[in-house]
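Have a look at the structure below, then the notes.
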Amino acid sequence: MKKVFIIGGAGNVGRSLAQQLTRAGHQALAMYRHPEQEAPLKLLGATPVRGDLQSLDEQALADLIAGSDVLVFSAGAGGKGGKEMTNAIDGRGLEIAVAAAQKAGVSRFLLVSAFPEAGAVRRRLPIPSKTIWR
């Protein structure tokens, strides 16, 4: 059983991953920002962890993820808040997460990301869906 910490755990990708991980017998810790996001994460079988990537520093995030085998970064501004928010989450937030993972001794770091053009490609090409987590 792996202990997997998901930054962006309350997002679409994070929730889906948390559910798949718990069904496979792994422990999914899902980071969320807003109080109303906690209960739905529990229903998926995840362990909710409150934290805001914009206000956590490297050490505080390292403390949250300590003991995890894997860190998945699936957070993203999603076009909300303009360039400032995108830079805070997708830029600086990612840098802090990488440094925190190293500090906490996490052995695997997975980055889930998308290019702005991804939607256009998806409309042109069928993309098969398959589970790759084992």
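The values are calculated or read from the model by the stated rules, or taken from the named source; none is laboratory data. All figures in this text were calculated on a predicted structure; none of them were measured in a lab. We place every Cβ from the backbone using ideal geometry, glycine too, and count neighbours over all the protein chains shown.
What's the total number of residues in the range 15-32 that are under 15 Å from the mean Cα position of the chain (by Cα) and either at pLDDT below 95 or surrounded by fewer than 16 Cβ atoms within 10 Å (Cβ to Cβ) (or both)?
2
So, in the range 95-114, exactly how many residues are assigned to a helix (DSSP H, G or I) and touching a Leu at 6+ places or on another chain (Cβ under 7 Å)?
Keep residues of the range 95-114 that are assigned to a helix (DSSP H, G or I), which gives 95-104.
Checking the rest, the ones that are also touching a Leu at 6+ places or on another chain (Cβ under 7 Å) come to 96-97, 100-101.
Total satisfying the criteria: 4.
Taking the residues in the range 33-44 that are touching a strand residue (DSSP E or B) at 6+ places or on another chain (Cβ under 7 Å) and either among the aromatic types (Phe, Trp, Tyr) or surrounded by 15 or more Cβ atoms within 10 Å (Cβ to Cβ) (or both) as candidates, determine which candidate is farthest from residue 106 (Cα to Cα). Talk me through it step by step, then tell me what you get.
Of the range 33-44, the ones touching a strand residue (DSSP E or B) at 6+ places or on another chain (Cβ under 7 Å) are 38, 41-42.
Right, trim to either among the aromatic types (Phe, Trp, Tyr) or surrounded by 15 or more Cβ atoms within 10 Å (Cβ to Cβ) (or both) and you get 38, 41.
Details: 38: 24, 41: 23 Å.
So, considering only residues that are touching a strand residue (DSSP E or B) at 6+ places or on another chain (Cβ under 7 Å) and either among the aromatic types (Phe, Trp, Tyr) or surrounded by 15 or more Cβ atoms within 10 Å (Cβ to Cβ) (or both), the one farthest from residue 106 (Cα to Cα) is 38.
How do the pairs read when you match residues in the range 13-34 that are touching a residue at least 24 places away in the same chain (Cβ under 8 Å) with residues anywhere that are assigned to a strand (DSSP E or B) and hydroxyl-bearing (Ser, Thr, Tyr), using Cβ under 6 Å and keeping only pairs 6 or more apart or on different chains?
So the pair list comes out as 29/47.
Among the numbered conditions (1) in contact with an Asp or Glu (Cβ under 9 Å, 6 or more places away or on another chain); (2) surrounded by 14 or more Cβ atoms within 10 Å (Cβ to Cβ), tell me where residue 49 comes up short.
For residue 49, the failing item is (1).
Six or more apart or on different chains, Cβ under 7 Å: which pairs go from a residue in the range 85-97 that's under 22 Å from residue 70 (Cα atoms) to one that's of a type in the set (D, E, K, R) and surrounded by 15 or more Cβ atoms within 10 Å (Cβ to Cβ)? Could you list them?
Filtered contacts from the range 85-97: 96/58.
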